[in-house]
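J.: First the structure, which I've put down as structure tokens, then a few questions once you've had a look.
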Amino acid sequence: MFVLNLEFSLNLQSAIFNFQSLLTVILLLICTCAYVRALAPSLLDKNKTGILGIFWKCARIGERKSPWVACCCVIMAFSILFLQEKMSAWEEV
């Protein structure tokens, strides 16, 4: 029983502290905020400071650095689709 709990906690921690997942979430946040600001600018423009200002800042990054963000999204998609499967296959061996 203890071995199963230890194994489960190790798997949970590796999912929480996965750097690729963190980068994916950040890229999705930037893209989503830029899209929402394009549809309804007043929604994000009224919250430029404070904790909700993070969304406004992400939207600005998405607007100003859109070629770089798009390139990162393509690289991340390629990595998730093609490289992550091979990496998980190596972990099983």
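What follows is calculated from the coordinates using simple rules that are stated; it is not laboratory data. Worth saying up front: this structure is predicted, and the values here are computed from it rather than measured. Glycine also receives a Cβ, built like all others from the backbone with ideal geometry; neighbour counts cover every protein chain displayed.
J.: What ranking do Ile61, Ile80, Ile51 get, fewest neighbouring Cβ atoms within 10 angstrom at the top? Write down the numbers at each step before the final one.
T.: Details: Ile61 17, Ile80 13, Ile51 7.
Listed from fewest to most nearby Cβ atoms, that is Ile51, Ile80, Ile61.
J.: Okay, moving on. More than 19 Å apart: what percent of Cα pairs in segment 20-92 qualify?
T.: Numbers: 1126 of 2628 pairs.
It works out to 43 percent of all Cα pairs.
J.: Treat each spin label as a single point 7 Å out from the Cα along the C-beta direction, and report the Cys71 to Phe17 distance in nm.
T.: For Cys71 paired with Phe17, the spin-label model returns 3.2 nm.
J.: Additional query: At 0.36 nm per residue, minus the direct Cα-Cα distance, what do Ala40 and Thr24 gain on full extension? Give it in nm, one decimal, please.
T.: Working: separation 16, 0.36 × 16 = 5.76 nm, distance 2.40 nm.
Answer, rounded to one decimal: 3.4 nm.
J.: Now, a different point. Any chance you could run the full-extension gain for Glu63 through Asn47? It's 0.36 nm times the residue separation minus the Cα-Cα distance, nm to one decimal.
T.: 4.1 nm
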